[in-house]
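The values are calculated or read from the model by the stated rules, or taken from the named source; none is laboratory data. Computed from a predicted structure; not experimentally measured. Please note: Cβ atoms are built from the backbone with ideal geometry, for glycine as well, and neighbour counts cover all protein chains shown. Accessible surface is based on the protein model in full, side chains and every heavy atom, while ligands, DNA and RNA are left aside. Shrake-Rupley method; radii C 1.70, N 1.55, O 1.52, S 1.80 Å.
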Amino acid sequence: MNVDRQQLGEAVAAGFADQLEWLATLVRFDSTRGNEAACQDWLAAEYAARGWQVDRYTLDEVAIEGLPGYSPVVDADYSRAVQVVATHQVPRPRGRSLILQGHIDVVPTGAPELWEHDPFEPRIVDGWMHGRGAADMKCGVSAMVFALDALRRLGYVPAATVHVETVSEEECTGNGALSTLVRGYRADAALIPESMGHKIIRAELGSVWFRLRILGQPGHVLAAAAPGAHAILAATDYIAALQQLTAQINVEARSHPHFGVVENPVKFNPGKIRGGDWLGSVPSWCELECRLSVLPGHSLPEVRARVAAAVAACADRLGTPVPALSWIGFQADGHVFGPGTEAEAVLARAHAAVLGGPLESVALTATSDTRFYDLYYGIPALCYGGHARGMHAPSEAVDLESLRRTTEVIAGFVADWCGLDPVG
Ligand code: ZN
């Protein structure tokens, strides 16, 4: 059954006011880590209302520890980490099955003084919706749900199984995505509508998260502190050492087949620091938490060994014991998504029908959930979505016209990939 492209566009447009209201509701949930349940429960009800079979579970119900792609977890309660998989099923599937996946976890808002509005009260200004999570990636979640709604408005449902998945942990481990696969949800292709500027991810960096616990030699501030004795000042030495390691890796990246064209693709972020207890004492401890990108082709054990060596060499220079080093979140492989899949060809056609022109690809200097499907489970995975800005910043916003087009592209993709049946 073939759907008329113009009608499809009109069906998306007809539902777009509802879609924006739905997206605004989604953004109003503060779904930072540990707080995702209310958001997921609302989504589960939305999915059930559409007649989809809903599987709501928490991460502690799935045995993911130690599996390929698993990232270690500290300071998180997985009995509260709710995941939702909604399934559209057909009695006699004819087409190819599909996973539509989006993450609903959002990053913390940061310094409140930097926000001009409540981060969780979305605002539309000049055709952009602002708010934490609006762009990364609740807009994408609205696109995948309302793409299916648009097809239904025209009297169609996919002629194959479609799993609509909303996960958490994308911003820190990826364990939400992993759990859906371990729980058994598979398909002939997966699509994740992250805001990619209407491009597809060809390659993405991985990342490792780690913590250094630096010990000083505590004493009264009056005592002259030897280098390294001051745990907080010593942290600046470790930061410098790890910046040097990053610069070295970026030199190697210049000949990388996918990231060679990107200037300094590998980022080191000392993102969190705490230490010391008393202003009259030389601080006896400091904990420094960091993130370092991983190039496709660089193995995680190799990257971890280089970090450990840089830390040990720095401790040696300071003449202090080597800080304890722990791996506390993302242990994510970099990955290249091979071109030439049938899924990509179908997406390129859907993209061209809405936006005109070829589907371009991009080497992403960040980490997404996409790798799980392709790298560990052999499911061709596409990451594609519309225009956004200010990801992880107070200026986070999504271009609503672009969101409408993304919704239309996804609807066209589903129609071609899954085939269509009349609503039964
Ligand atoms: Zn994202």
Quiz item: Could you say whether any residue in the stretch 116-124 is touching a Phe, Trp or Tyr at 6+ places or on another chain (Cβ under 8 Å), of a type outside the set (Val, Ile, Thr) and within 16 Å of the ligand (Cβ to nearest atom)?
Solution: no
Exercise. For LEU233, work out the one condition from (1) closer than 25 Å to LEU364 by Cβ; (2) part of a helix (DSSP H, G or I); (3) over 23 Å from the mean Cα position of the chain (by Cα) it doesn't fulfil.
Key: (1)
Quiz item: For ALA150, are the conditions met, namely being within 17 Å of SER402 (Cβ to Cβ) and either buried (at least 23 other Cβ atoms within 10 Å of the Cβ) or among the aliphatic types (A, V, I, L, M) (or both)?
Solution: yes
Practice problem: Could you list all residues from the stretch 349-378 that are among the aliphatic types (A, V, I, L, M) and buried (at least 19 other Cβ atoms within 10 Å of the Cβ)? | Solution: ALA350, VAL354, LEU359, ALA363, LEU364, LEU375
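Residues to consider are HIS351, HIS392; find the one that is assigned by TED's automatic domain parsing to the domain that holds GLU113 and within 15 Å of the ligand (Cβ to nearest atom). Steps first, please.
On the way: HIS351 fails: within 15 Å of the ligand (Cβ to nearest atom).
Matching residue, one of HIS351, HIS392: HIS392.
Could you run through the stretch 243-282 and say how many residues are of a type in the set (D, E, K, R) and touching a Gly at 6+ places or on another chain (Cβ under 7 Å)?
Of the residues in the stretch 243-282, 1 are of a type in the set (D, E, K, R) and touching a Gly at 6+ places or on another chain (Cβ under 7 Å).
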Quiz item: Quick one: would you say PRO108 is closer than 20 Å to LEU26 by Cβ, open to solvent by 90 Å² or more (accessible area, probe 1.4 Å) and in the same structural domain as ASP416 (by TED's automatic domain parsing)?
Solution: yes
Practice problem: Any residue in the stretch 82-104 that's under 14 Å from GLY419 (Cβ atoms): show its pairings with residues that are open to solvent by less than 10 Å² (accessible area, probe 1.4 Å) and within 16 Å of the ligand (Cβ to nearest atom) at Cβ separation under 9 Å, as long as the two are six or more apart or on different chains. | Solution: LEU98/ALA190; LEU98/LEU191
Quiz item: Pairs under 9 Å by beta carbon, first residue in contact (Cβ under 8 Å) with a residue 40 or more places away in the chain and over 25 Å from TRP209 (Cβ atoms) in the stretch 172-187, partner open to solvent by 10 Å² or more (accessible area, probe 1.4 Å) and in a helix (DSSP H, G or I), six or more apart or different chains?
Solution: ARG186/TYR377
Self-check item: Filtered residues of the stretch 173-197 (kept if open to solvent by 10 Å² or more (accessible area, probe 1.4 Å) and within 16 Å of the ligand (Cβ to nearest atom))
Solution: GLU194, SER195, MET196, GLY197
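State whether the residues of the stretch 203-211 include one that is open to solvent by 10 Å² or more (accessible area, probe 1.4 Å), of a type in the set (D, E, K, R) and assigned by TED's automatic domain parsing to the domain that holds GLU360.
Within the stretch 203-211, not a single residue is open to solvent by 10 Å² or more (accessible area, probe 1.4 Å), of a type in the set (D, E, K, R) and assigned by TED's automatic domain parsing to the domain that holds GLU360.
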Quiz item: Only one of (1) touching a helix residue (DSSP H, G or I) at 6+ places or on another chain (Cβ under 7 Å); (2) within 14 Å of the ligand (Cβ to nearest atom); (3) not in a strand (DSSP E or B) is not met by CYS383, so which one is it?
Solution: (3)
Quiz item: Which one of LEU59, LEU8, LEU26 is within 26 Å of GLN89 (Cβ to Cβ) and touching a strand residue (DSSP E or B) at 6+ places or on another chain (Cβ under 7 Å)?
Solution: LEU59
Quiz prompt | Selected residue (only one of GLY140, GLY131 is within 16 Å of the ligand (Cβ to nearest atom), touching a Lys or Arg at 6+ places or on another chain (Cβ under 8 Å) and over 30 Å from ALA310 (Cβ atoms)) | solution = GLY131
Quiz item: Does the stretch 148-168 hold any residues that are in contact with an Asp or Glu (Cβ under 6 Å, 6 or more places away or on another chain) and either within 16 Å of the ligand (Cβ to nearest atom) or at pLDDT below 95 (or both), and which are they?
Solution: SER168
Quiz item: Which ones in the stretch 212-230 are within 30 Å of ALA366 (Cβ to Cβ) and buried (at least 18 other Cβ atoms within 10 Å of the Cβ)?
Solution: LEU212, ILE214
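Rundown of residues vs (1) buried (at least 19 other Cβ atoms within 10 Å of the Cβ); (2) in contact with a His (Cβ under 8 Å, 6 or more places away or on another chain); (3) closer than 13 Å to GLU36 by Cβ, yes/no style:
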residue	(1), (2), (3)
VAL90	no, no, no
ILE99	yes, yes, no
ASP126	no, no, no
MET144	yes, no, no
ALA160	yes, no, no
Practice problem: Examine the stretch 20-29 for a residue that is without any contact (Cβ under 8 Å) to a residue 24 or more places away in the chain, assigned by TED's automatic domain parsing to the domain that holds MET144 and not acidic (Asp, Glu), and state whether such a residue exists. | Solution: yes
